[in-house]
Amino acid sequence: DAVPDKRLAAGQHINALVVDDHSISRRIMGMLLESIGVQAITAADGAEGIELAGRHRPDVILMDLRMKGMDGIEATRRLQEDAATASIPVLAVTASPFENARDAAFAAGCREFLSKPGRAADLMEVLERPLGARFEAVMAPSSEVEDEVDDPQTSAMLPAVAERLREAAAIGSISDL
């Protein structure tokens, strides 16, 4: 029982800044955002995130909490202290299972909390609240590929393979992809 594919509703535009010191996590989150219709730029650490936020004024910032150097908590505090960036919603992103990470994120000024690995449905939910983003179902692609497959056994497997790829992409599982 799969969640229908959704993208940002027509007429809406969101620019997001992803701040994460792990390049794979940055890329996965960027691809996940773009797959739902959100434009993404990325920063490799808290200091670069602050600099890019000031320069590009994104609509939202997805901030990893645990980074080398300046962590996401400190970067969020600094963004909140600067009048130029204080109004940009910061969404905490972390793999930490501890409740104190959530508390620290909210205390620093984060508006939402997203656990890693991120899933498209969770990401859409945390973008809806602070931004009023709306997502709409996307028409499934036509079954042209299935029509071109001569082998009935291979043709029967295609929907299951497509579903596994969708699930892997939704959770950012590189190995499953």
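The values are calculated or read from the model by the stated rules, or taken from the named source; none is laboratory data. Every value quoted in this text rests on a predicted model; they were computed, and no experiment measured them. Note: ideal-geometry Cβ built from the backbone for every residue, glycine included; neighbour counts use all protein chains shown. Heads up: the accessible areas ignore ligands, DNA and RNA and are worked out on the full protein's heavy atoms, side chains in. Shrake-Rupley method; radii C 1.70, N 1.55, O 1.52, S 1.80 Å.
At 1.4 Å probe size, with no ligands or nucleic acids counted, give the accessible surface of S87 in Å², nearest ten.
Its heavy atoms expose roughly 90 Å² to the probe.
So the label point goes 7 Å from the Cα of N15 along Cα→C-beta, right? Which residues of the range 46-66 then have their backbone N under 11 Å from it?
The answer is 53-60, whose backbone nitrogens lie closer than 11 Å to the label point.
5 Å is the cut-off here: which amide hydrogens, built 1.01 Å from N in the peptide plane, fall below it relative to V93, excluding neighbours closer than 5 in sequence?
M63, D64, L65, L114
Taking the Cα centroid of the range 17-44 and of the range 51-107, what is the distance between the two, rounded to the nearest whole Å?
Using only Cα atoms to place each centre, the spacing works out to 14 Å.
Calculate, for R66 and R134, the FRET efficiency according to 1/(1 + (r/R0)^6) with r their C-beta to C-beta distance and R0 41 Å; round to the nearest 0.05.
With R0 = 41 Å, the Cβ-Cβ based efficiency is 0.85.
Take every Cα-Cα pair in the range 1-86 and report what % of them are more than 15 Å apart.
Tail of the P(r) past 15 Å holds 57 percent of the pairs.
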